[in-house]
Each structure stands twice: as C-alpha cells, then as structure tokens.
1. Please indicate, with yes or no, whether at least one residue in segment 85-97 is buried (at least 24 other Cβ atoms within 10 Å of the Cβ), more than 17 Å from the chain's Cα centre (by Cα) and closer than 29 Å to residue 143 by Cβ.
2. Determine if segment 230-240 includes at least one residue that is surrounded by 21 or more Cβ atoms within 10 Å (Cβ to Cβ), in contact with a helix residue (DSSP H, G or I) (Cβ under 6 Å, 6 or more places away or on another chain) and on the phi > 0 side of the Ramachandran plot.
3. Scanning for something touching a strand residue (DSSP E or B) at 6+ places or on another chain (Cβ under 7 Å) and closer than 19 Å to residue 285 by Cβ, does segment 120-143 turn up at least one residue?
4. Being surrounded by fewer than 23 Cβ atoms within 10 Å (Cβ to Cβ) and farther than 14 Å from residue 191 by Cβ is the filter here; which residues of segment 250-273 pass it?
5. Could you list, in sequence order, all residues of segment 422-438 that are crowded, with 18+ Cβ neighbours inside 10 Å, at pLDDT below 90 and farther than 20 Å from residue 99 by Cβ?
6. State the number of residues belonging to segment 397-421 that are crowded, with 16+ Cβ neighbours inside 10 Å and at pLDDT below 90.
7. Can you pull out the helices (runs of 4 or more DSSP H) entirely within segment 31-111 that have at least 1 residues that are touching a strand residue (DSSP E or B) at 6+ places or on another chain (Cβ under 9 Å)?
8. Exactly one condition in (1) within 25 Å of the chain's Cα centre (by Cα); (2) within 30 Å of residue 57 (Cα to Cα); (3) surrounded by 24 or more Cβ atoms within 10 Å (Cβ to Cβ) is not met by residue 321; state its number.
C-alpha cells in the first residue's frame, strides 16, 4: 500500500525550520572540506605544475554547473532528504529504489571518515593505529565517537547547526592561517613561471584536465548537496538553499586556490630537482611548515587532520539520517523510520538505524575495508538522477520552478554529462565494486513489488530501464578506459566516449519520466 501523502506531510510538518543561510553554508562547506585539503595541492602540482591553479578554477565551474540543478530542485521542492525523493517523483519506483539503495550503502562512507579521524589521532596516540589498521582500542574510539556525533544530532537541528558552525570556523581558521603564513614566510612567485621548471604549464595544458580527475580536484569540491537535504529544515528555502549551496562551493574553491598557490610558492628548491612530478611529502603542509621554522603551525595541521574529517563525519551523520528518513518515505525502509520526534523535530529512529550501520561497518571484518572505501562514490549517482529529475519536472510542472536557474533546459543535460563523468573518473578500482553493488537495487525492487503491487511491474521496469543500462555500460566503459582500467580506450578519448554515451541516455531518461510519470504520492 502506498504511504498516504498526508502522513508524509504530517511528518514533514514536525521538522523545525531553524536553519538560515550561514548555518546551511557551514553545513555545505564542512561536508566539502575534509582532511583531503592537506594533500590535494601536492597531488595537483605533481600532475599539472603551477597550471593546477587553472584546474581548480575549471573544477569550480564544472561542479557549479552540476550544483545548479540541485539549487533549482532544493528551492522549488524543499523536503527533508529531497535528493533521495526526486528520482522517485521523476522516474518511478525502480529508479527510486536503485538510487535509494546506493544512498543506503553510502552510509558506510561515514564510518570511513571516523576511521580517518582515529588514524590521524594515532599520530599522537600510537596505540590507536598500528600495522595500517585500527587497533582494538582504535575501533572502540571510533565507535565511541559515532555515539558522540549521534548524540549531538539528537536534540534538534538548531543545536546541530550551532555546533557545526563553530566547528566550521575552526576548520576554516587552520587552512587560512596556513595560506597566510606560507605566503608571508616562504613564497617564491618566480617558480610559477620558471623556465628551468618548464614554465607555468610544464606538462602541457592537457595536464590540467588530467588533474581534474587524477589529482582528485573535482572530488575535493563535491559534497555540496548537503544543504539541499536540509531544505525541509531551512528558513525560506527558495532563498537560503541556493545561497548556501553556491556559497559553500565558492568558499571551498577560494580556500583550495589559496592552498594551491601557497604550496607552489613554498616548496623548497631541493624538492624540485626532478621537477614538479618529483615533489613528494608524507605530510605536505606540515613538512613545509617545519622547513620554514613554523613548528607551531605543523602542530596545528596535525590537529586539524583530526578535526576536519570529524566535522565532515558530524555533517555526514546528520545527512545520513535525512536520507534514511527519506528512504522510509519512499517505502524502501519500514515506515516506522519516517517518524519525526515531535519535541526535537529530529528523525531519531533514522539516527539510531544509521548509528547501528556505522558501528557494524567499523567492525574489522576481513574484506570490508575495501568495500567501505568505495561507498563514497555512490553518492555521485544522486547528481545524475537529479539532472534527469530537473528536466522531467521542467516539462511536467514548469509552474513549480523557482526561477533561480534560467536556462535549465541546457544546464540539465550538461549536468547529467558532468555527473556521469564524475562517476567515471572515480576509476575502475572503485566502480567495479560500487556499480554492481548498486544494481542489487533491481532485485530489491522486484522483491518490494511482490509485497506491494499498487503499480504494474512492467511499466515500472520500462520506466527505470535507462538507469540500469547506464550503470552497466559505465561499468564496462570503466573497465576498458584509462582510469584504473585496461586502457583499451586511451585518455582523453575515453572521457569523450563516456560524455557521448551520457548525451544518448539523457533524453531517453527524460522521455521515460515525462511519458510514464513518476510517483505523485509517497
């Protein structure tokens, strides 16, 4: 039986609309900037040299184009866990189940953040981490931390917003201080164009494109969708959600550009003997700080290596709860998990389920770490399904659009292509596990249909067939491509093939949603 829309609306009504622009922006920023900022500048410099600065600008443009779709949907259709709801509304139950299952699996990514926190803490407390794995005490510390983060989410979104904003201020302060001190103490701008080092683009401007994916630059700016999942708890979401999403991307981009510039100008000459490709540090900014006699900064950097993933995990726990809440609305999980605690306005049952899942993923079962490590890739599927949803809604219900994003007719397919490339650039090592795991959602959909036959099976299968085909073909192309694959297709031609394939799939997906309709009632 389909969950009645009034029941869902009643639960939505219990959410507290306490989050303004600054709180939402802090949520987005904290979700984007984890501990990766400590290494991204070095990896980008190794691939592109000083031209890595252009790669960051390009990544900001690409990510913003994908984000514009989220901006429009979050402003025009605010709802708790909205990113999980839109695929169901636009493309039906098969698509909603497959995307929803991938979101459910991605909860494991939060356990990976907790593992990273304890691993970095092992620098000060060696008994937490040994032989490339958490010790028993390390696992216990990670489990305890998961309880603490859940507790901080337990008492209401206003408390969550205030705590996260405070954490974000500290997260910003350390990298900004790093930029300022490195620019003031050791910056040598001449090496950015030094002929001895090959000039501004020593490996050619094609390396700028390579750095987008291979250097992890484009992924350093992902995670911007978090404010959208809080749109049901935002004050005036038509204004606050777009400003928060775009503002968090802009703030993160400025920070990364500053870090990249500071790194390029502070690398010691003896580290550049083999050129930019030969630059290698175990702790890039920490070692640069020590070399410049900034020992106190090095200590702060190691401390921030614990705090940064901690802030991301804090937001991750909250976002996961909104996703679980939305999956219950989608009927992928029991409806009891849809309940919102009346006094706090928090989906506490969803929080408890997520806590249990995180704890299980933290247990050191053999083979699990490899699986957990790829789960962060799965959230990227939300981006491509959102692009399809935006165009479907534009055609079916244009009067509901917020008007924030003019040119949505062009931006939506561009966003779909870019989101597909983001998935592809993750590399075959991740996708060979992530995409087949996601496709478990297909038999899960059939199983759920057998218990609720409110909609005919074959029309639903036809409606969502585009997503299944897309994931299967992406897996094959990834195996043949240059990103951890067999390199049968060399770069950049493999990226071009994937982009063309995405352009073929997009109109099919949209036509399916417009023709057959999605689900109008939860």
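1. There is no residue in segment 85-97 that is buried (at least 24 other Cβ atoms within 10 Å of the Cβ), more than 17 Å from the chain's Cα centre (by Cα) and closer than 29 Å to residue 143 by Cβ.
2. There is no residue in segment 230-240 that is surrounded by 21 or more Cβ atoms within 10 Å (Cβ to Cβ), in contact with a helix residue (DSSP H, G or I) (Cβ under 6 Å, 6 or more places away or on another chain) and on the phi > 0 side of the Ramachandran plot.
3. yes
4. The answer is 250, 251, 253, 254, 255, 257, 258.
5. 427 - this is the single residue of segment 422-438 that is crowded, with 18+ Cβ neighbours inside 10 Å, at pLDDT below 90 and farther than 20 Å from residue 99 by Cβ.
6. So the answer is 4.
7. Output list reads 52-76.
8. Residue 321 satisfies every listed condition except (2).
The values are calculated or read from the model by the stated rules, or taken from the named source; none is laboratory data. All values reported here derive from a predicted model rather than from experimental measurement. Please note: Cβ atoms are built from the backbone with ideal geometry, for glycine as well, and neighbour counts cover all protein chains shown.
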